[in-house]
Amino acid sequence: MGTEPTVGEPTMSIPDGPAETMVVTSDVAENLKLLSEVKNIQTLHALPRTRLDIEYAHERNRGNACELISSGEPFQLSDFTPYLTQRDERRGQRETLIPSTRRHVLSVGLDMLKVHHKSLPALSRGQILSYMKNHFVSIQARVQRDPLTHALYLHHRPLAATARYGRSRLTEEFTDAVLSSIREMRSLGIYLEEGVPPTPDQLRTIVMTHKNTQTDDVTKLRYAKPDYEFVFVRARSLKVGEGVGLALHAFATTERRKYLHYLYDSSSPSSPTSCGIKGTVYFTEFTRGVYPEEAVILRASVRGRKTYSMQELDDYAHQAKPDRDALDQLNLVLDAIIDGLVPEPTQPAE
């Protein structure tokens, strides 16, 4: 088993396990490359840019909403297993599954504006507010291990678990309202540059979208146009001396994709404000008029270590390829931010 990360640790290491040493000739190396090209991973070569294009991609990827972790499971894993979710168990009846593990990468806390508390049913108001105060959602990456080379890579579909604030060890049950919110965080696939083969070392950036309404005036919800932000998960091999495995880094855009934040996140947040992303929700439907069933995210805020305007990142990207901006060179830009190679941002971190 792997060790648990310390509080406030921004990245997570994932042990790879023992691998056999092999002598590889050039011919064998080429065959290994072909054999290790990963199948059944959804990739994308270009990100949608306009609100309408992102909306189309978001709706088309309903099936790539976060897979749910049942209650009573370990908060995160370090061992590899073919089965992480109920979907895996169903798939395993008809095909051989790649060994996977799952690691926390991003915490999402939910809260409500105080002015909206009175909209909650009197019978369940205290219970609803208590649940949001005491629980957060953990967005987790499914890390897979190539059976041939033992190389690690990311699956395109993330997972989600809910747990109590603090050093949680077991997952808990989702409420319908939280499920409604989490369904709006969807993967578009693994970013893969055009012409690059889908080998494990290239399948290490998840592109996700999440929807919010960008309004606090709930009387206008029916007419409000939703907008979308990106969430990126970047996995990188640990440095020499740090062990064998991957470190995970999370990024998110805000203000209609005008800013990109390198998120500071912990697997043990203490409140919604200490989460990587905090979503302000409003409940629109109630079961039997008592328990929340549907919710919309009015707005989202982030806890960033560094915040860059997209213009600053475009300027940096143009130094490498003048005709391609930051989103055209996503891996290069994310790696440069992680390594501290991008000039210090003019926008203070939130």
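A few remarks follow.
- Identity of the residue in the range 102-132, in contact with a helix residue (DSSP H, G or I) (Cβ under 8 Å, 6 or more places away or on another chain) and charged (D, E, K, R), that ends up farthest from Glu184 (Cα to Cα): Arg125
- Tally of residues being more than 25 Å from Thr96 (Cβ to Cβ) and either part of a strand (DSSP E or B) or not β-branched (Val, Ile, Thr) (or both) across the range 145-194: 27
- Test: residue in the range 304-325 that is touching a Gly at 6+ places or on another chain (Cβ under 7 Å) and at pLDDT below 95: no
- For the range 104-144, taking the residues that are among the β-branched types (Val, Ile, Thr) and assigned to a strand (DSSP E or B), the one that is nearest to Pro82 (Cα to Cα) is identified as Val143.
- All of His58, His45 fail the test of being in contact with a His (Cβ under 9 Å, 6 or more places away or on another chain) and closer than 30 Å to Val196 by Cα, apart from His58.
- Close pairs (7 angstrom Cβ cut-off, 6 or more residues apart or separate chains): among the small types (Gly, Ala, Ser) in the range 83-101, surrounded by 12 or more Cβ atoms within 10 Å (Cβ to Cβ) and outside any loop (DSSP other than H, G, I, E, B) anywhere: Ser100/Thr81; Ser100/Arg142; Ser100/Val143; Ser100/Gln144
Conditions (1) at pLDDT below 95; (2) in contact with a Leu (Cβ under 7 Å, 6 or more places away or on another chain), marked per residue:
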position: Phe230; (1), (2): no, no
position: Val233; (1), (2): no, yes
position: Gly241; (1), (2): yes, no
position: Leu248; (1), (2): no, no
position: Tyr264; (1), (2): yes, no
position: Ser267; (1), (2): yes, no
position: Ser270; (1), (2): yes, no
position: Thr273; (1), (2): yes, no
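- Residues of the range 321-343 satisfying the condition of being under 20 Å from Lys239 (Cα atoms) and out of contact with any helix residue (DSSP H, G or I) (no Cβ under 7 Å at 6 or more places or on another chain): Asn331, Leu334, Asp335, Ile337, Ile338, Asp339, Gly340, Leu341
- Conditions (1) surrounded by fewer than 18 Cβ atoms within 10 Å (Cβ to Cβ); (2) touching a Leu at 6+ places or on another chain (Cβ under 7 Å): number failed by Gln319: (2)
- Flag if Ser168 is of a type in the set (S, T, N, Q) and touching a His at 6+ places or on another chain (Cβ under 7 Å): no
One line per residue, one yes/no per condition, for (1) closer than 24 Å to Gln76 by Cα; (2) buried (at least 23 other Cβ atoms within 10 Å of the Cβ); (3) touching a strand residue (DSSP E or B) at 6+ places or on another chain (Cβ under 6 Å):
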{"residue": "Thr171", "(1), (2), (3)": "yes, no, yes"}
{"residue": "Glu194", "(1), (2), (3)": "no, no, no"}
{"residue": "Thr199", "(1), (2), (3)": "no, no, no"}
{"residue": "Ala224", "(1), (2), (3)": "no, no, no"}
{"residue": "Leu248", "(1), (2), (3)": "yes, yes, yes"}
{"residue": "Pro269", "(1), (2), (3)": "yes, yes, yes"}
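- Remark: pairs (first residue in the range 37-50, more than 15 Å from Arg204 (Cα to Cα) and modelled with pLDDT of 95 or more; second residue surrounded by 15 or more Cβ atoms within 10 Å (Cβ to Cβ) and not acidic (Asp, Glu); Cβ separation under 6 Å; 6+ apart in sequence or on different chains) = Leu47/Leu327; Pro48/Ile54; Pro48/Ala57.
- Residues that are crowded, with 21+ Cβ neighbours inside 10 Å and not small (Gly, Ala, Ser) were ranked within the range 154-169; the one that is nearest to the chain's Cα centre (by Cα) is Pro158.
Conditions tested, residue by residue: (1) within 18 Å of the chain's Cα centre (by Cα); (2) on the phi > 0 side of the Ramachandran plot; (3) part of a loop (DSSP other than H, G, I, E, B); (4) of a type outside the set (D, E, K, R).
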site	(1), (2), (3), (4)
Lys239	no, no, yes, no
Ala250	yes, no, no, yes
Thr253	yes, no, no, yes
Arg257	yes, yes, yes, no
Gly289	no, yes, yes, yes
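- Residue pairs meeting the criteria (Cβ under 7 Å; at least 6 apart or on separate chains; first at positive phi, in the range 60-79; second crowded, with 18+ Cβ neighbours inside 10 Å and modelled with pLDDT of 95 or more): Gly72/Thr171
- Within the range 259-287, the residues that satisfy the criterion of being in a loop (DSSP other than H, G, I, E, B) and of a type in the set (Gly, Ala, Ser) are Ser266, Ser267, Ser268, Ser270, Ser271, Gly276.
The values are calculated or read from the model by the stated rules, or taken from the named source; none is laboratory data. Remember, predicted model here, so these are calculated numbers, not experimental data. In this analysis, Cβ positions are derived from the backbone assuming ideal geometry, glycine residues included, and neighbour counts consider all displayed protein chains.
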